[in-house]
Amino acid sequence: MPQDFVENELLRLREAGLYRTLRRVDGDQGPTLLLDGREVVNFSSNNYLGFANHPVLCQAAKAAIDRYGCGSGASRLISGNRALHEELEAKIAEFKGTEAALVFNSGFQANTGIIPALVGPDDVVFSDALNHASIIDGCRLARAKVVVYEHCNVDQLQRGLQEAPSDGRKLIVTESLFSMDGDEAPLAEIVELAERYGAVVMIDEAHATGVYEPNGAGLIAKLGLGGHVLVQMGTLGKALGGFGAYIAGSRALRELLINRCRSFIFTTSLPPAVMAMAIAAIELVRKEPDRRAALRRNCETLRRGLRGLDYRLGDSGSQILPLIVGDADACMKFSEYLLSRGVFAQGIRPPTVPLGTSRLRITVMATHSDEHLRRALQAFEEASAVYSKFDE
């Protein structure tokens, strides 16, 4: 039968150890979860600052629904451009220190729309080998020539820039804090190369937004590079606790994307409650710096404890701790073993990460207590023999 290919594809995924299923989460998204009806300590959330269930965000969302209703009704260019959109964009621009901002419905939607709006078949995109799938798909949709350089390898990036045609645009795109490895891109070196070779830079700050000093605006702000980056992209649904995404940059960039970005033009705009939550979250980032400090303390405690148990962590100094297992099937068995001990640390497999690098992506939250961390380290200590067997 023609439809048999669906069952065959599912069988192939199962045999390769890449079959995925959905788990049901009940209750709020906190340091503990009700996962498939059982309470576990949550080390698999991007809710880094604990804002997803913050009462200030909840109240902002309720007030917005009471005033504006539930839906926005249309795309921004039809009748869906609300006062809250413009208020949120002004708040983001102030937060990021740019002239303007534009909100999108998700980070994936933003990246797949922005790149094709900036470059085309006569241009070249330079993309880090470990960039997010949304960046990869955005490059494909642009139909530009794509040069993939080794992860954070600025020497290889420089060679690519040197060999690129002199005509046409050159765009360098990278994450600032990589979502699966938790390491930082060499942004200062990338910006310097871009300016030397006439390229422009797009930085995805999805996992950096909210967590870096001095004000939570991201790694670009921490390094003082805002004036050298054409596109600062980030999300509202990770450390900021809500949903959606943004770009921050010049007024001209904003106007170009309004006119050229298909993923912005052809979609219903964000609903009022989501935008009200984001406005409240940006204010909380400014008002509650202690959360960033708590996040750093918790990261260091867990990282030190895991290394003390001889676990092989990636080169991460952030809230994302990749514990490399290697084999996809072994990785998922290890994750399930921890879950049986009450610790939820999701296994990540290809194609999300390269073959042979399956890992637990352990994520830390500011709201994890000392007891949560103690329980996690106890579970990892009990699992160390299992991990050693997988790591042979």
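Here are a few things to note about the model shown:
- Largest GNM mean-square fluctuation across 242, 27, 113, computed for the chain with C-alpha springs under 10 Å, falls on 27.
- Under 28 Å from residue 145, Cα to Cα: lysines that are on another chain or at least 8 residues apart: 170
- Listed by chain and number, the lysines whose C-alpha is less than 29 Å from the C-alpha of residue 333, apart from same-chain residues fewer than 8 away, are 238, 389.
- Peptide packing for 91-97, 2-8 was compared via the average number of neighbouring C-beta atoms within 10 Å per residue; ordered from the highest value, the list is 91-97, 2-8.
- Carbon and sulfur %, accessible surface of segment 1-53 computed with the full protein complex present, 1.4 Å: 52
- Surface analysis of segment 1-131 yields an accessible area of 51 Å² per residue, using protein heavy atoms and a 1.4 Å probe.
- Accessible surface of segment 266-365 [probe 1.4 Å, protein heavy atoms]: carbon and sulfur percent: 54
- P(r) weight above 12 Å for segment 88-131, C-alpha pairs, percent: 71
- Per-residue [θ]222 nm for the chain (sum of -39500 (n - 2.57) over DSSP H runs n ≥ 4, rounded to 500): -13500 deg cm²/dmol
- Alpha-carbon centroid distance for the pair segment 1-74 / segment 283-327, whole angstrom: 22
- For segment 130-181, with all protein chains in place and a probe radius of 1.4 Å, 46% of the accessible heavy-atom surface sits on carbon or sulfur.
- Rounded to the nearest 5, the antiparallel percentage of DSSP beta bridges internal to the chain is 55%.
- Packing rank of 319-328, 284-293, 179-188, where each peptide gets the mean count of other beta carbons within 10 Å, highest leading: 319-328, 179-188, 284-293
- Counting only residues at least eight positions apart within a chain, or on another chain, the aspartates and glutamates with an alpha carbon under 12 Å from that of residue 96 are 205.
- The Cα atoms of segment 119-236 give a gyration tensor whose axes a ≥ b ≥ c have a/c of 1.5 or more with a/b greater than b/c, which makes the shape prolate.
The values are calculated or read from the model by the stated rules, or taken from the named source; none is laboratory data. Bear in mind that the values here come from a model prediction, so they are computed numbers and not experimental data. All Cβ positions, glycine included, derive from the backbone under ideal geometry; neighbour counts span all protein chains shown. What goes into the accessible areas is simple: the full protein's heavy atoms, side chains included, and nothing from ligands, DNA or RNA. Shrake-Rupley method; radii C 1.70, N 1.55, O 1.52, S 1.80 Å.
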